[in-house]
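Asks: Just passing along the structure, written as structure tokens.
No lab work stands behind these numbers, since they all come straight from the coordinates. Computed from a prediction, not measured in an experiment: that's the story for all the values here. No Cβ is skipped: glycine too gets one built from the backbone with ideal geometry, and neighbour counts run over all protein chains shown.
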Amino acid sequence: MTATTTAPAERAAPRREGRRSRVVFWVAIVLVGLLLAALTAVVQSADGPASAELDPTSTTASGSKALVRVLEQQGTDVRVVDRADGITGGTVFVDDARGALDPAVARRLAREASHVVLVSTGAAPLDAFGLDVEPAAQVGGTETASTRTCDIPAASDARRVSTAGVAYRVPEGDPVPAGTTLCASSGSGDERAYGLVRTATRGGDVTLVGTTAAFRNDTITTAGNAALALGLLGGDDSLTWYTPTPGTPDAAPTLGSLAPPWVPSALALLALVAVAAGVRRGRRLGPLVVERMPVVVRAAETTEGRARLAARTRDRTHALDTLRIAAVHRIGRRLGLPRSAHVDDVVRAAARATGIPDSRVGAVLVGGTTPDDRALVAGAAALDELERAVTTATTGGTPTDHDRRGARP
């Protein structure tokens, strides 16, 4: 009685241990996922406007605090805003590097602002300001370009500026629009692009700046970058530094803002359902269990059963092919051939050993259809005769019971 109750308990112990291991594994996966999500949120919150490029309050290499300080020292009132409602007049610097500017806001600035300095690569804001150009390539390095002959006064006064940033070009096949000025070229031939583009607007003019290295703390003192930046942004008594922010009323609508409020909750619920389904499915797929068969079926009985089926259906060809396959294996083993040897190799080896022509050996081991019982008997006799010849050629004796094993259909 004790042995009977102990054995199931011993078998259940590994199952409980395996289930506990799977639960611990999934809990660890969930905890790791939550940790990664928390780290991502922390990094994203740390990487805010304070560390963005051309941030007017940042003293890092990519910031623009040095430019703002010099402008203030020269008497320019610099106001940093993230809403278009805060723009009161004077020069407006629009830093749309994030591509968040709503085209409607851009058209309003083009009507109301006398001087707009724009940093953007979005097609919609460029079109709203009437700039018929497109971004051509990102420009790196420390190369500079001459602006002595540029029709933009701030650029011509700078004489030479850095080209690092974004280069623009007129779409292929389009002429340069009337009233548009292109300066600070980089590249040559069909690859030529420009870092400064100016065109007239309903309210005044807009200058598209791709050479953003002129505004950065680490490169503003290179060549004439400082003269270009001060000339573009310090021409009026006031400067509004406008940085459109995603998610604000001034930002262009996104897929997330257009979606109903319940969509995030529904997606989170679907994600939880998917995780639960995966866990449930994973628990069902347990280890393989070897099930003991209630009876043991001998191979000979299986062979005899198949032979009776072949006899009942009068499938003589299948019956003879079964004998041929067994004979090929025995002859190949007798001749020292590997189990993977092709039937053609067996035919050639048997022909060499017995001196029987290849065609005759092939007809016996491969043959064709078996139309009647007489052909079946003749084929079986031919196989037996060939095996006897191979055995005689290799050992000089007669086939043993071991050699004949498996010959029955």
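Asks: Which distance in nm do the two modelled labels at residue 374 and residue 59 give, with both placed 7 Å along the Cα-to-Cβ direction?
Replies: A separation of 11.3 nm, rounded to one decimal place.
Asks: On a C-alpha basis, how far is the centre of region 321-335 from the centre of region 100-114 in Å? Whole number, if you could?
Replies: 89 Å
Asks: Using label points projected 7 Å from each Cα along Cα→Cβ, tell me how many nm separate residue 218 and residue 142, to one decimal.
Replies: Roughly 1.2 nm, to one decimal.
Asks: Would you grab the residues whose amide H sits under 5 Å from the one on residue 370? Only those 5+ places off in sequence or on another chain, please, with H modelled 1.01 Å from N.
Replies: HN-HN under 5 Å from residue 370: 317.
Asks: Using the Kirkwood radius built from alpha carbon pairs, what does the Stokes-Einstein equation give as D for region 60-205 at 10 °C and 1.306 mPa s, in µm² per second? Don't skip to the end; give the middle numbers.
Replies: Details: Rh = 16.4 Å.
Diffusion coefficient, whole number: 97 µm²/s.
Asks: Shifting gears a bit: Read phi for every residue in region 375-385 and hand back ³J(HN,Hα) as whole Hz from Karplus 6.51 cos²θ - 1.76 cosθ + 1.60, θ = phi - 60°, with x for Gly and Pro.
Replies: 5, 5, 5, 5, x, 5, 5, 5, 4, 5, 5
Asks: Also: Report the extension gain between residue 159 and residue 394 in nm, rounded to one decimal, defined as 0.36 nm multiplied by the number of residues separating them, less their alpha carbon distance.
Replies: 74.6 nm
Asks: Something else: Tally Lys/Arg at +1 and Asp/Glu at -1 over every other residue whose Cβ is under 11 Å from the Cβ of residue 171; what's the total?
Replies: Computed value for this residue: -3.
Asks: Starting with the highest mean, order 230-242, 382-394 by the number of other Cβ atoms within 10 Å, averaged over the residues of each peptide.
Replies: Packing order, densest peptide first, comes out as 230-242, 382-394.
Asks: Related question: First select every other residue whose beta carbon is under 11 angstrom from the beta carbon of residue 314; then total the charges, Lys and Arg +1, Asp and Glu -1.
Replies: Net charge around residue 314: -1.
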